[in-house]
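Notes to accompany the following structure.
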Amino acid sequence: MKRQKRIAVINDFSGFGRCSLTVSIPIISAMRIQCCAVPTAILSNHTGYDDYFFDDYTDKMQAYYMKWEKLGLKFDGIYTGFLGSEKQAKIVEDFIERFSDRDTVVTVDPVMGDNGKTYATIDSRLCREIKNLIPVSDIITPNLTEACILTDTEYHEDDYDIGEIKEIALRLRCLGARNIVITGIRKNDDICNFILTDDKCKLLEYPVTGGSHAGTGDVFASIISADAVNKVDFEESVKKSAEFVSRCVKLSDKMQIPMQDGVCFEEILDLLM
Ligand code: PXL
């Protein structure tokens, strides 16, 4: 009997606001993969709220996962998200080196900002360290703001043309990215994802279904990382993740969930099973 697949998720635990681990654990589990959490920080709620409790976990992470090494654990996937300090990027590199083998799929979600702005706890030194994770990844899932930060490209609000997006994606490739999906690109009344891989370069467009809710990037990247481990084709996976996020957004607006509180994915989690 083959053992069940498992993914190590290196991300923060935000008790309220539906992002990071509180999104990845249920989603990856629903997709029949064991989700093993490595917390980067403990927050009462994510940093999109005016106030939050933030306990950085940098100094404890290595002691935490060295017990896993003692247990001889290996992972089919490693997925990294929000990092709470510069030092954590180095710790993530160490984790990847220790816990992956040839077949491990590494997904790096370079969580740094949205809508042209960086998140409250992210500074330029941390951005630089996150950039260093790109060459050790198999998949990266930046939103447009993050793709701009990573490639030192100026972000603008107005419509992007495909040439501009392709240029940004090619710069990400030069940084060592292999499979790239840039999310959240606005074009008229559509929202687009751009894919660049060895054999694909494609813009996928969807009609906007609702507002800009927190945590949608975490929902998206969780599905992408689980699908990659389940060997689902990358383009299919991007389409499926985008469709799921879009349904979540529509339903969250219908249920009048405040934007900061994330999306009510719990209502339709069964669609991923
Ligand atoms: O969803 C991205 C994210 C993850 N983790 C924390 C955040 C944010 C975005 O604000 O604050 C703690």
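The values are calculated or read from the model by the stated rules, or taken from the named source; none is laboratory data. Just so it is clear, the structure is predicted and the values come from calculations on it, not from any experiment. As a convention, Cβ positions derive from the backbone with ideal geometry for all residues, glycine included, and neighbour counts pool all protein chains shown. Quick note on the areas: whole protein, heavy atoms, side chains included, nothing else; ligands and nucleic acids left out. Shrake-Rupley method; radii C 1.70, N 1.55, O 1.52, S 1.80 Å.
Keeping every protein chain in place, order Lys202, Lys131, Lys2 by accessible area at 1.4 Å, biggest value first, i.e. largest first.
Ranking Lys202, Lys131, Lys2 by accessible area, largest first, yields Lys2, Lys202, Lys131.
Give the calculated FRET efficiency between Asp189 and Met273 to the nearest 0.05, with a Förster radius of 45 Å applied to their Cβ-Cβ distance.
0.90
What figure in square angstrom, to the nearest 10, would you give for the accessible area of Phe234 with a 1.4 Å probe?
Around 30 Å² of this residue is reachable by solvent.
Express in Å², to the nearest 10, the accessible area of Arg186 obtained by rolling a 1.4 Å probe over the protein heavy atoms while all chains stay in place.
Arg186 has an accessible surface of roughly 120 Å² with all protein chains in place.
For the chain, what does the accessible surface come to per residue with a 1.4 Å probe? Please give it in Å².
Values: 12800 Å² over 273 residues.
It amounts to 47 Å² per residue over the chain.
So which lysines can Lys67 reach, going by Cα to Cα under 30 Å and dropping same-chain residues fewer than 8 places off?
The reachable lysines, counting only those whose Cα sits under 30 Å from Lys67, are Lys2, Lys5, Lys87, Lys90, Lys131, Lys231.
Just how large is the dipole of the chain about the Cα centre, in debye to the nearest 20, putting +1 at every Lys and Arg Cβ and -1 at every Asp and Glu Cβ? Mind dumping the intermediate values first?
On the way: 32 positive and 44 negative charges, 236 e Å.
Once rounded to the nearest 20, the dipole reads 1140 debye.
Once you treat every alpha carbon in the stretch 6-255 as an equal point and sum by Debye, what is log10 I(q)/I(0) at q = 0.09, 0.11, 0.15, 0.16 Å⁻¹?
-0.35, -0.53, -1.04, -1.21
Test of understanding: what is the full-extension gain from Met1 to Arg173, defined as 0.36 nm times their sequence separation minus their Cα-Cα distance? Kindly include the intermediate steps, with their values, before the conclusion.
Numbers: separation 172, 0.36 × 172 = 61.92 nm, distance 3.85 nm.
Between Met1 and Arg173, full extension yields an extra 58.1 nm.
If the only charges are +1 at each Lys and Arg Cβ and -1 at each Asp and Glu Cβ, what is the size of the charge dipole of the stretch 10-117 around the Cα centre, to the nearest 20 debye?
Details: 11 positive and 16 negative charges, 73 e Å.
Result for the stretch 10-117 is approximately 360 debye, rounded to the nearest 20.
Counting only protein heavy atoms, what percent of the accessible surface of the stretch 6-255 is carbon or sulfur at a 1.4 Å probe? List each step's numbers first, then the result.
Working: 5370 of 11020 Å².
Exposed carbon and sulfur together represent 49 percent of the surface.
Under a 1.4 angstrom probe, counting protein chains only, how are Lys87, Lys200 ranked by accessible area, largest first?
In descending accessible area the options line up as Lys87, Lys200.
What order do Met66, Met1, Met255, Met31 take when sorted by accessible area (1.4 Å probe), most exposed first? Please report the intermediate quantities before stating the final value.
Numbers: Met66 70, Met1 235, Met255 90, Met31 15 Å².
Reading off the accessible areas and sorting them downward yields Met1, Met255, Met66, Met31.
Helix-only estimate, please: 222 nm mean residue ellipticity of the chain, summing -39500 (n - 2.57) across DSSP H runs of length 4 or more and dividing by its residues, to the nearest 500. Can you show the working numbers first?
Values: 8 runs with 100 residues, N = 273.
Value at 222 nm, helices only: -11500 deg cm²/dmol.
Return the inverse of the average 1/r over all pairs of distinct C-alpha atoms in the stretch 129-264, which is the Kirkwood hydrodynamic radius, in Å to one decimal.
Taking the inverse mean of 1/r over all distinct Cα pairs, the stretch 129-264 comes out at 15.3 Å.
For Glu164 and Leu71 in one chain, what is 0.36 nm times their gap in residues minus the Cα-Cα distance, to one decimal in nm?
Between Glu164 and Leu71, full extension yields 28.8 nm more.
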